[in-house]
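S.K.: Could you have a look at this structure, given as structure tokens, before my questions?
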Amino acid sequence: MPFRCMLTLLLSMVSICLSAQSVSYSIKGTVTDDSGAPVAGATVSLSEVRQGTYTDERGFYNLSGAVAEGTYNLEVKYFGYQASRKQVSISLSQSNLVQDIMLGGDILNLDEVVVTGSSPTSTRRQLGNSIGVVDGRSLEKAAV
């Protein structure tokens, strides 16, 4: 009987220690382009744990959650810009981080835009998708 009590106590202590490994973190910062303008709507995430958020209209983001101590990749993506990836270390002593990120333009991936649409009010027989492709030259003409 004393063996069972000791085993129960030991297992309880192990589970408490394992749950204590999780660290609440907060990563804040601003995402800007290479001219210094804020990038609104960029995706900011810790790719290994699939936790993420979006930047607001001022390019500000606040990513928070709980993860195990370690090193993670902070990934920032937005259409028309090169993705940025920075390593961040999260620990009990480093759980509130500030990471400002600058995204460079990626003009090579702007040669066309694919738009896909469907209607939510269609019946099953009418259901279909429409796919249209707009090339880069048409976008340049429209911007003028």
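Values quoted throughout were computed directly from the atomic coordinates according to the rules given, and no laboratory measurement underlies them. From a predicted model like this one, the values you see are computed outputs, not experimental measurements. Ideal geometry is used to build each Cβ from the backbone, glycine not excepted, and the neighbour counts take in all protein chains shown.
S.K.: Spin-label point model (7 Å from Cα, Cβ direction): what's the residue 53 to residue 106 distance in nm?
M.R.: So the two model labels end up 2.3 nm from each other.
S.K.: Give me the extension gain from residue 133 to residue 77: residue separation times 0.36 nm, minus the current Cα-Cα distance, reported in nm with one decimal.
M.R.: Full extension from residue 133 to residue 77 adds 17.9 nm.
S.K.: Can you give the local net charge around residue 74? Use residues other than it whose beta-carbon is closer than 14 angstrom to its beta-carbon, Lys and Arg +1, Asp and Glu -1.
M.R.: Residues close to residue 74 contribute a combined charge of +2.
S.K.: With r defined as the distance between the Cβ atoms of residue 66 and residue 40 and R0 fixed at 35 Å, what FRET efficiency is calculated, to the nearest 0.05?
M.R.: 0.80
S.K.: Now for a different question. Remind me, relative contact order of segment 22-106 in percent, using alpha carbon pairs under 8 angstrom and six or more residues apart?
M.R.: Rounded, it is 38 percent for segment 22-106.
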